[in-house]
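Below is one structure; the comments refer to it alone.
Laboratory data are not the source of any read-out in this text; all were calculated from the coordinates shown. Owing to the predicted nature of the structure, the values given are computational and were not obtained by experimental measurement. A quick note on method: Cβ atoms are made from the backbone with ideal geometry, for glycine too, and the neighbour counts reach across all protein chains shown.
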Amino acid sequence: MTLREYVNSKLSTKIAMESLGIKVTEGSCFCEFHRDREGGKKSAKYYADGDFIMCFSERKTFQAFDVLTVLAGVSEKDLYSWAINDGWSPGGKEFLVKNVVLSDAFLSRVFLYKLGKLKFLEIVKDFKNEVLK
Ligand SMILES: [Zn+2]
């Protein structure tokens, strides 16, 4: 499971939007991800079924992960730290963070962390080194 999928599985898009003071109702709405209000035409729609926002102008869908990273300005690194602490583990070598492929060495250290052999702050430090290498 990717970080995006994990975050989306833990937090609803509607609740994430409402936590930022943006009211979400079913049906047409302004897209908060581009300058939709300036045009005066509502080009997005919230789908309660799948809990996502579809912007017909951008031809994109948005979920909680996008609300946190784009609208709330939360960094992917911080979400990563939170997710690891929450019990999520990267799906494997193919897991990407900003197009960085995590090394086997790092993944084995994540494994050690899950076994309680490494402290959380150590794995966060490792992660920073991994991404900035
Ligand atoms: Zn949009």
With the 8 Å Cα cutoff and a minimum separation of six or more residues, the chain has a relative contact order in percent of 21
Rounded to a whole number, the Stokes-Einstein D of segment 11-71 in µm²/s (Kirkwood radius over Cα pairs; 37 °C; 0.692 mPa s) is 289
Within the chain, the cysteines whose Cβ lies no closer than 4.7 Å to any other cysteine Cβ are CYS29
Flagged as over-length at 24 Å C-alpha distance, from LYS60/LYS114; LYS10/LYS114; LYS14/LYS114; LYS23/LYS60; LYS14/LYS60, the pairs are LYS60/LYS114; LYS14/LYS114
Computed about the Cα centre, the charge dipole of the chain from +1 Lys/Arg and -1 Asp/Glu charges at the Cβ has a magnitude in debye, to the nearest 20, of 220
Cross-link reach from LYS128 to aspartates and glutamates, straight Cα distance under 13 Å and at least 8 residues apart if same chain, gives GLU76, ASP78
Per the charge dipole of the chain (beta-carbon charges, Lys/Arg positive, Asp/Glu negative, Cα centre), the residue among SER12, CYS29, ALA105 reaching farthest to the positive end is ALA105
